[in-house]
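These notes are about the structure you will find just below.
The values are calculated or read from the model by the stated rules, or taken from the named source; none is laboratory data. Computed from a predicted model, the values in this text were never measured in an experiment. A quick note on method: Cβ atoms are made from the backbone with ideal geometry, for glycine too, and the neighbour counts reach across all protein chains shown.
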Amino acid sequence: MKKDYDGLWLKRLPAALPPCGTSAETASAELTAFFAGRGAGETFLLEPDERLGEGCRITKEAGVWHIRGGESGLLYGAYDLIQALLTGRDADGLTSSPRYALRMLNSWDNMDGSVERGYSGRSLWFEGGRFEYDPERVRYLGRLLASAHINVLCVNNVNVHAPAQRLVTDLLPDLAAFAALLRPFGVRVMVSVDFSLPLSAGLDTADPLSPDVLRFWRETADRAWRAVPDLAGFLVKADSEHRPGPNAYGRSHAEGANMLAQAVASYGGVIVWRAFVYDCLQDWRDTRTDRPCAAYELYQPQDGDFAGNVILQVKNGPYDFQVREPVSPLLLSMRKTCLALELQLAQEYTGQQIDIYAMPPMWREIFEIMPADRIRAVAAVSNLGRGYFWTGHPFAALNLYAFGRLAWDPDTAPERVTDDWIRLSYELPDPDRESLLRLLLDSRNVYERYTAPLGLCWMVTPHTHYGPNPDGYEFDLWGTYHRADRTGVGIDRTARGTGYTEQYPEALRALYEDPQTCPDRLLLFFHRLPYDYRMRDGRTLIQRIYDDHFAGCEAAEAMAETLKALALPEPDRREAAERMALQLKNAREWRDVINTFFYRFCGVPDERGRTIYS
Ligand code: GCW
């Protein structure tokens, strides 16, 4: 029987690819044998050069491929070269080194085997409150991550539920065994810890300024690094969505993070501190508090206060992985703080690995704006699980692959990385490959138009976050409002409104401040506008809302036709078709529910006479 992990883009890569630790001679011989087996007489020579670290240099000299690099550099170089050869690209003269030192996959896996916001099945390594895995599967995972150059895996959910607290106590031997399986692939593990851990260990406080608390964390770090000497660090969600944190003791986030940083510093560990902090008990009647403002207001004044081994991990947008948000102003403003960008591969708000949603074009927009010098790390919430397809939809594997590639080199074009993934994953005739490429590259636009065009957020079904429910979060306590009424929709986030635009550097501030210059795709994120507002293209706002929903749905229907015609192998073809049927149902539901929602407010019919239910 086919193993569940016998798929993804690795299926065309040699199984015996050198993990770190294999001798360069063995690795060279394995690579040569792999290509000989494919009828291509390529010869390889791996030459260790520690000075290159994770980077690598590839040359072809007298018919022989030379790969030079440090330990993981050789591994990455080998993968780069194979991928170049398999996708028909020239690799001679290629030198490569990572833009971001830490390229982290954050799993939201719970130790009972469930995965928070997981749409691909249960955890690959936890079940029943403990580590539970087939080592072969974990090695496969290691290969997968190495081939995408991802070098850190956080093993547990940032919401640390009771059994996971034991990962840094009595379960350390199990963590060590797991880490040992991934180490040969250049992947280090990280653990999410609970800020109140000292309390569960019997201390009467978790106050970061208490000497007892510091001592506790030092001892914890000491045990953890003794068990896993290359542990990457601790990931912390504090004072966020009811998780404990330093605020309970009247301490700042810098004080909380720095205490932990001090405890792990001598081991070379880092504290990744999440900046996803906002008032999650807001009163919807309160129109002065504006959730997107929250993180900047909290952290900006603390810029410069964080220790050198603290990394502040910031979600790409100021809200929470919505279909479209502007780049978080924190990423543009914390000049004296190490930052990590956090992306979400799990498609929580973007189709849940049922609807097709390829992320590279979206990330491109973020990387283009982000200042390269201040960002030290990139993290992504994993979309992996133990289902037959590890990523739910077979095409969702693209997002994991592309994340690694772009975290290594954010200048890689979305077209290029998507095309590489297709070539590695499927042997398709050229026209099919090109139509799949176009389909994927346009998939976010399509999803955006039938769900939430113009920067509208949060019209989703509460809790599950799949499907439309325009008022689902409107009278709730999460700070997630669009405030649609009979006069208009959106929130004024300009200087006259909540002042959110003022958090941006001048050029962006000015761009967003004026509805005439604000990109259409963010218009209702930044502005409150009447339904008869004239858009730059001459259409009214309400007509544009209708048009986008109709167009998005039509585009989804066209996508379904394109998909049907592709010569995909089974079972990918069947799985993609089944999900496409659900996507079409979702698209129609979004179109009709949102159009009707607005029509009921404004009473303006569609100019083109299409059906809007009343
Ligand atoms: O979007 C929210 C999710 C939560 C998640 C949280 C976070 C892990 O709905 O499930 O919790 O973000 O990022 O911490």
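The set of residues from the range 267-302 being surrounded by 21 or more Cβ atoms within 10 Å (Cβ to Cβ), more than 16 Å from the ligand (Cβ to nearest atom) and among the β-branched types (V, I, T) comprises V270, I271.
When each of L440, L456, L436, L511 is tested for being touching a residue at least 40 places away in the same chain (Cβ under 8 Å), more than 30 Å from K11 (Cβ to Cβ) and not assigned by TED's automatic domain parsing to the domain that holds L85, the lone residue that passes is L456. Do the conditions hold for T494, that is, is it surrounded by 15 or more Cβ atoms within 10 Å (Cβ to Cβ) and part of a loop (DSSP other than H, G, I, E, B)? Yes, satisfied.
When the range 113-147 is filtered for residues that are touching a Gly at 6+ places or on another chain (Cβ under 8 Å), farther than 29 Å from Y466 by Cα and in a loop (DSSP other than H, G, I, E, B), only E132 remains.
For first residues located in the range 320-348 and under 13 Å from A275 (Cβ atoms) and at pLDDT 95 or above, partners that are among the basic types (K, R) and within 14 Å of the ligand (Cβ to nearest atom) and lie 6+ apart or on another chain with Cβ distances below 6 Å form the pairs E342/K315.
If you scan the range 94-112, which residues turn out to be surrounded by fewer than 19 Cβ atoms within 10 Å (Cβ to Cβ) and either assigned to a strand (DSSP E or B) or of a type outside the set (D, E, K, R) (or both)? Those that are surrounded by fewer than 19 Cβ atoms within 10 Å (Cβ to Cβ) and either assigned to a strand (DSSP E or B) or of a type outside the set (D, E, K, R) (or both): L94, T95, S97, A101.
Residue pairs whose Cβ atoms lie under 7 Å apart, sitting 6 or more positions apart in sequence or on different chains, and linking a residue in the range 65-91 that is not assigned by TED's automatic domain parsing to the domain that holds R38 to a partner that is of a type in the set (K, R) and surrounded by 21 or more Cβ atoms within 10 Å (Cβ to Cβ), do not occur here.
Tell me whether the range 352-369 contains one or more residues that are crowded, with 23+ Cβ neighbours inside 10 Å, modelled with pLDDT of 95 or more, within 16 Å of the ligand (Cβ to nearest atom) and under 20 Å from K237 (Cβ atoms). Checked against the condition, which is being crowded, with 23+ Cβ neighbours inside 10 Å, modelled with pLDDT of 95 or more, within 16 Å of the ligand (Cβ to nearest atom) and under 20 Å from K237 (Cβ atoms), the range 352-369 yields no hits at all.
Residues in the range 363-390 that are under 20 Å from D442 (Cα atoms) and more than 11 Å from the chain's Cα centre (by Cα): 5 in all.
Checked against (1) touching a strand residue (DSSP E or B) at 6+ places or on another chain (Cβ under 6 Å); (2) within 23 Å of Y450 (Cα to Cα); (3) surrounded by fewer than 24 Cβ atoms within 10 Å (Cβ to Cβ), A377 passes all but condition (2).
Could you tell me whether the range 245-265 includes any residue that is assigned to a loop (DSSP other than H, G, I, E, B), closer than 24 Å to R166 by Cβ, more than 16 Å from the ligand (Cβ to nearest atom) and not basic (K, R)? Scanning the range 245-265, I find no residue that is assigned to a loop (DSSP other than H, G, I, E, B), closer than 24 Å to R166 by Cβ, more than 16 Å from the ligand (Cβ to nearest atom) and not basic (K, R), so the answer is no. Just to be sure before I move on: is R405 modelled with pLDDT of 95 or more, in contact with a His (Cβ under 8 Å, 6 or more places away or on another chain) and closer than 19 Å to W363 by Cβ in the structure I sent? Considered against the rule, which asks whether it is modelled with pLDDT of 95 or more, in contact with a His (Cβ under 8 Å, 6 or more places away or on another chain) and closer than 19 Å to W363 by Cβ, R405 comes out as yes. Of all residues in the range 227-240, those that are part of a loop (DSSP other than H, G, I, E, B) and closer than 17 Å to Y299 by Cα total 4. Looking only at residues in the range 232-244 that are within 15 Å of the ligand (Cβ to nearest atom) and among the aliphatic types (A, V, I, L, M), the one that is surrounded by the most Cβ atoms within 10 Å (Cβ to Cβ) is L235. Restricting the range 327-351 to residues that are part of a loop (DSSP other than H, G, I, E, B) and either within 16 Å of the ligand (Cβ to nearest atom) or in contact with a Cys (Cβ under 6 Å, 6 or more places away or on another chain) (or both), the residue that is nearest to A294 (Cα to Cα) is S328.
When every residue of the range 114-123 is checked against the conditions, at least one turns out to be out of contact with any Pro (no Cβ under 7 Å at 6 or more places or on another chain), closer than 29 Å to I375 by Cα and aliphatic (A, V, I, L, M).
The residues in the range 206-226 that are more than 30 Å from the chain's Cα centre (by Cα) and part of a helix (DSSP H, G or I) can be counted, and the count is 11. For the range 306-324, the criterion of being in a loop (DSSP other than H, G, I, E, B), away from the ligand (no atom under 16 Å from the Cβ) and surrounded by 22 or more Cβ atoms within 10 Å (Cβ to Cβ) is met by at least one residue.
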